Amino acid sequence: MIELTVSSIVERKIKQGICVLEARDFPHLELVNRLVHLVNQQGKCLGQAYLSAQNKGIGWLISREKVPLDQAFFQHLFGVARTKRQAFEVSDLTTAYRLFHQDGDGFGGLTIDRYNDYAVFSWYNEYIYSIKEEIVAAFQAVYPDILGAYEKIRFKGLDYESAHLYGEEAPETFTIRENGVAYQVFLNTGLMTGIFLDQHEVRGALVDGLAAGKSLLNMFSYTAAFSVAAALGGASQTTSVDLAKRSQELSEAHFKANGLAMDNHRFLVMDVFAYFKYAKRKGLSYDVIVLDPPSFARNKKQTFSVAKDYHRLIAQSLDILNPNGILVASTNASNLPLEKFKKEIEKGFGSCKHRYLETYRLPGDFVSNKKDESSNYLKVFTIQVKK
């Protein structure tokens, strides 16, 4: 194993409990896709890490001492992770949740989700992919009840994004449950599955009546999971807007899975900012507006960044929000701390009076590294607006 001497900045981060290694801290690094032994400038051991570029950083600290990354190592990690999730495992109301969550469960670069009796592995870099045989074998030993598994490739360089990994193949589409609500999912079509599991608790608030008797507008709706939850929680009507052409078909599948009539539920394939203008022009207004955009998006006319442009969503929502309406402001941008996100939201409100009702972070199955703010990437506020 190669020994790598790190700067005092990296040493401080490691001692704080931060596991992700960032490119800016290793400006001249040429080592890739391998294990390294980290030492400080005095030669003192800091821990074992692996280097492999991904969308977040260039590697991960995985242990404070040298350890063999064999099947036994991963079996231990998965066993501990399974114990943490016993409440989800015994629930009849939720059958899809995260089984392993990166550094929160002790190993960055890997997530594993459960959808009924099937698992979905996400490999975030080349190194983690190169040791997948040991990882999968360990997982099968800890989860013999999982019938089959799929993999998602979340790094560049391979000629596929999704594939069957082992065991039985799942139906092309099938239904999972979350908070008692049915959602139709698909495990082998690109990187998506039909639902973002990290929003359990926000959808749970909608099921419990956050939008009861109210009209709801769901922007960047994807498969309209928020809308379905709201409808089952008593919303009088929902409107779901997303630019993706397939969004309407996938959204309707969720509604049908719950036996919901479509009479009071609309699905529009349309740019969100264009819809704001359309709704204002037509005099449309809503009691609840959900804003859950991607961290960064680009279309033919403009780009959108949560860090710089979220205030525009807030400001334009205010134009079509009913008196005492509620905004659900959400982002999964890991590089945007909670307080900075709140400042961006406040910029959109200007002098408009409002109060924060609830704050949501990652749910219990998405175990985060409590020493690293960016590990707990989900930030959601429910905000009541006084007009």
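Data for the structure
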item	result
Test: residue in region 19-37 that is in contact with a helix residue (DSSP H, G or I) (Cβ under 8 Å, 6 or more places away or on another chain), in a helix (DSSP H, G or I) and open to solvent by less than 40 Å² (accessible area, probe 1.4 Å)	yes
Pairs, first within 14 Å of GLN102 (Cα to Cα) and charged (D, E, K, R) in region 348-376, second open to solvent by less than 20 Å² (accessible area, probe 1.4 Å) and assigned to a strand (DSSP E or B), C-beta under 8 Å, six or more apart	ASP365/TYR97; ASP365/LEU99; ASP365/HIS101; ASP372/VAL20
Enumerated strands (runs of 3 or more DSSP E) restricted to region 281-378, each holding at least 2 residues that are open to solvent by 30 Å² or more (accessible area, probe 1.4 Å) and either under 27 Å from ALA212 (Cβ atoms) or at pLDDT below 95 (or both)	296-298, 321-331, 353-360
Selected residue (criterion: most open to solvent (accessible area, probe 1.4 Å)) from residues of region 224-252 that are more than 23 Å from ALA205 (Cβ to Cβ) and in a helix (DSSP H, G or I)	GLU249
Which numbered condition GLY59 misses (of (1) within 15 Å of ALA149 (Cβ to Cβ); (2) open to solvent by less than 10 Å² (accessible area, probe 1.4 Å))	(1)
Test result for PHE273, under 25 Å from the mean Cα position of the chain (by Cα) and surrounded by fewer than 21 Cβ atoms within 10 Å (Cβ to Cβ)	yes
Boolean, GLU89 is within 30 Å of ILE176 (Cα to Cα), among the charged types (D, E, K, R), open to solvent by 40 Å² or more (accessible area, probe 1.4 Å) and without any contact (Cβ under 8 Å) to a residue 24 or more places away in the chain	yes
Criterion: open to solvent by 50 Å² or more (accessible area, probe 1.4 Å) and on the phi > 0 side of the Ramachandran plot - qualifying residue of GLY213, GLY209	GLY213
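The values are calculated or read from the model by the stated rules, or taken from the named source; none is laboratory data. All values derive from a computational prediction rather than experimental measurement. As a convention, Cβ positions derive from the backbone with ideal geometry for all residues, glycine included, and neighbour counts pool all protein chains shown. With ligands, DNA and RNA removed, areas are computed over all heavy atoms of the protein, side chains included. Shrake-Rupley method; radii C 1.70, N 1.55, O 1.52, S 1.80 Å.
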